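Encoded as structure tokens, the structure appears first; notes follow it.
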Amino acid sequence: MGKVAGILIFLLIIIGGVWYAFGRGDQGDSSPGIGGIGGLGGSAKDEIVLKGMVGGEKVGLLQDPDVQKILSRKYGIRLDYYKAGSIEMVRETPAQDVDFLWPSSQVALELFKQEHRSRLRKAEIVFNSPIVLYSWDIVADALAAQSIVEKVDATYYVVDMPRLIGVVTSGKKWSDVGLNELYGSVTIISTDPTKSNSGNMFSGLLANLLNGGDVVDDSSIETVLPEVVRFFRKLGYLEHSSGDLFDQYLRTGVGAKPIIVGYENQIVEFSLEHADLWPQVKDEMRILYPVPTVWSSHPIMSLSPKGDALIEALMDPELQKLAWEKHGFRTGLMGVENDPQVLAIAGIPAKITKVIPMPSPQVMDRIIVSLTGETN
């Protein structure tokens, strides 16, 4: 009997070891990640670590556990990244160990090509976001009374953007548009155009509007450039990150940030990540769609063979679905529709139709150079 018992114990030990090695392994690795991204599945030996820089508006997406699972389990990718302004990241010479850059505009991609073309292996636009204005109920109502803003169904449009720009550039006070509650001049606050993409794209949209609604080119930019510089000089200190500006908009409210420039996806992400606060502010916040607006594309740029794998991963249909439904990024893939009904946020249209092209990278570079030293 002793021998039989010994054999049984030995067999139980072997079975337990096999279960531990294979059964438990299916649960995945829950160890902390790198740069905010943890491996939530698969074994560490199968994962590759990619180093890079990303625009601040995409940090929430990359911190999403569901996104992390897709990257780790399906593609064996773990990310080591830090936040940087889109213009800032493409102006810098990336270190040799940087595998990818993820700015927020095609202009940033083209500027990178001009200065560091030899470093770029591949690039693919994986998401899109229109530039929008974030404001508040009392501001939207006052501008609607001036026929500058119009509500169509549940969506608010700035139907007379040239007039709104004229109100700002002429130095009119908030009291001049019926808002005695607010102090000072009417402003539209953006991020620093020389550092951050949302501010940079707004500077291009502003230049186009000052050019009579035509896209500025090499022959017309010098005419409107002084007014563009004056517009941003009046704003004083500007944030370097779209995420930081949106956070300040929410924290300081209508008195300090009556109108800001941002990305459409920011309100979607906020409503889901701060479900406890959303009911308190949703009736006061307003997302205003400029007519026209400009598209902010989000090209993923591979600088190494490892970076190529990230392009494939970000085009994964499952990840694209998450990017829209949880973070508000419209797909960059042909033939894929984004249904606003799944977002449960009033006022987000199914399609963005009234769009003006951005000026060429050469013209945008001229704007950046002129604004350098004027904004800080």
- Item | Top-ranked residue of the range 125-138 - restricted to ones that are open to solvent by 10 Å² or more (accessible area, probe 1.4 Å) and at pLDDT 95 or above, ranked as farthest from the chain's Cα centre (by Cα) | Ile138
- Note on the structure: Picking from Leu250, Leu206, Leu235, Leu182, the residue that is outside any loop (DSSP other than H, G, I, E, B), out of contact with any Asp or Glu (no Cβ under 8 Å at 6 or more places or on another chain), in contact (Cβ under 8 Å) with a residue 40 or more places away in the chain and among the hydrophobic types (A, V, I, L, M, F, W, C) would be Leu206
- Query: Of all the residues that make up the range 185-203, how many are within 23 Å of the chain's Cα centre (by Cα) and either part of a loop (DSSP other than H, G, I, E, B) or aromatic (Phe, Trp, Tyr) (or both)?
  - Reply: 10
- Message: Looking at Ser129, Ser118, can you tell me which residue is out of contact with any Cys (no Cβ under 8 Å at 6 or more places or on another chain) and more than 26 Å from Ile356 (Cβ to Cβ)?
- Response: Ser118
- Query: Mind checking which residues of the range 102-114 are of a type outside the set (Gly, Ala, Ser) and either surrounded by fewer than 22 Cβ atoms within 10 Å (Cβ to Cβ) or part of a helix (DSSP H, G or I) (or both)?
  - Reply: Gln106, Val107, Leu109, Glu110, Leu111, Phe112, Lys113, Gln114
- Item | Pair list, Cβ < 7 Å and 6+ apart or interchain, from the range 344-361 residues that are closer than 24 Å to Ser271 by Cβ to residues that are of a type in the set (A, V, I, L, M) and in a loop (DSSP other than H, G, I, E, B) | Ala346/Ala154; Gly347/Ala154
- Query: When you scan the range 40-101 for helices (runs of 4 or more DSSP H) that lie fully inside it, which ones turn up with 3 or more residues that are touching a residue at least 40 places away in the same chain (Cβ under 8 Å) and open to solvent by 10 Å² or more (accessible area, probe 1.4 Å)?
  - Reply: none
- Message: Take the conditions open to solvent by 30 Å² or more (accessible area, probe 1.4 Å), out of contact with any strand residue (DSSP E or B) (no Cβ under 7 Å at 6 or more places or on another chain), over 30 Å from Met89 (Cβ atoms) and among the polar types (S, T, N, Q) and apply them to Thr223. Does it pass?
- Response: yes
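The values are calculated or read from the model by the stated rules, or taken from the named source; none is laboratory data. Just so you know, these numbers come straight off a predicted model, no measurement behind them. Note that we place each Cβ from the backbone using ideal geometry, even for glycine, and neighbour counts take in every protein chain shown. Please note that ligands, DNA and RNA were not included when accessible areas were found on the heavy atoms of the full protein model with its side chains. Shrake-Rupley method; radii C 1.70, N 1.55, O 1.52, S 1.80 Å.
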